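Working notes for the structure below.
The values are calculated or read from the model by the stated rules, or taken from the named source; none is laboratory data. Predicted model only: the values in this text are computed from it and were never measured. Here Cβ is always computed from backbone atoms with ideal geometry, including for glycine, and neighbour counts include all displayed protein chains. The protein model used for the area step is the full one, side chains on, heavy atoms only, and it has no ligands, DNA or RNA in it. Shrake-Rupley method; radii C 1.70, N 1.55, O 1.52, S 1.80 Å.
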Amino acid sequence: MDLAVLEKNLKWRGIKLAVFQTKEEAADYLVREIQGKSVGFGGSMTLETMGLYEKLKANNEVFWHWRQDMTADEAKKRAYTADIYLSSLNGVAETGELVNIDGGGNRVAATQTKHEKVYFVVGENKIAPDLHAAIHRARNIAAPLNARRLHKKTPCAVKADHCYDCKSPERICRSLNVIWERPSAVAACELVLIREPLGY
Ligand code: SF4
């Protein structure tokens, strides 16, 4: 990965890049950046591993359907209209496109609705050389690993080796989103890249 190339390509698409060596440094940065806000979270093992919900909750009102503070539907609804939204990604192209696959659709929808800022937090394992490779990664690496983690009855969950484009009732891949440029409803967009493997 060439960081200068990635930064240039993201900038051209209206997306800022911030790079950290460790998840702890990235979490400290986000805690400094986000204070006194309403904050929505998308489902993400990266955000979970970083302990960001608990860290941000000290100084913000945080909504995450992975926590039990309210019903999942209510948390998703509040996250959708929060000042700030945090999500990870399933693939990032060095050419600057951001790729996510979703089952319920709340995460991909919320990254494109009105917020002061959307932060995409990713480990460097998510980086792929171009859009084709980023989509391939999202479909054939991230989604099968997530299906296995969730104990879904899908063909990919058995070996997590690749996508079988299944018709399973428990299929977790229901939509594919590619962000070509900062969504117009989002006032600012930033990719927080951590130079460690994180999430799927
Ligand atoms: S479409 Fe089905 S087989 Fe493919 S990754 Fe998603 S759940 Fe697995």
With buried (at least 21 other Cβ atoms within 10 Å of the Cβ) and not in a strand (DSSP E or B) as the only criterion, which of Ala133, Ala109, Ala138 stands out? Ala138
Reported set for the stretch 141-155 where residues are open to solvent by 20 Å² or more (accessible area, probe 1.4 Å) and within 10 Å of the ligand (Cβ to nearest atom) is Ile141, Leu145, Asn146, Arg148, Leu150, Lys152, Lys153, Pro155
Please verify whether the stretch 126-136 includes one or more residues that are modelled with pLDDT under 95, within 16 Å of the ligand (Cβ to nearest atom) and either on the phi < 0 side of the Ramachandran plot or more than 17 Å from the chain's Cα centre (by Cα) (or both). no
What are the residues in the stretch 170-185 that are surrounded by fewer than 20 Cβ atoms within 10 Å (Cβ to Cβ) and more than 12 Å from the ligand (Cβ to nearest atom), if any? Asn177, Val178, Trp180, Glu181, Arg182, Pro183, Ser184, Ala185
Qualifying residue in the stretch 53-71 (condition: closer than 21 Å to Arg149 by Cα and more than 15 Å from the chain's Cα centre (by Cα)): yes
Every residue in the stretch 77-106 that is open to solvent by less than 20 Å² (accessible area, probe 1.4 Å) and over 29 Å from Cys163 (Cα atoms), please. Ala79, Ala82, Ile84
Checking Lys167 against (1) without any contact (Cβ under 8 Å) to a residue 12 or more places away in the chain; (2) more than 9 Å from the ligand (Cβ to nearest atom), only one condition comes out false. Which one? (2)
Given the condition over 13 Å from Ser44 (Cβ atoms), among the hydroxyl-bearing types (Ser, Thr, Tyr) and in contact (Cβ under 8 Å) with a residue 12 or more places away in the chain, answer yes or no: does some residue in the stretch 118-136 qualify? no
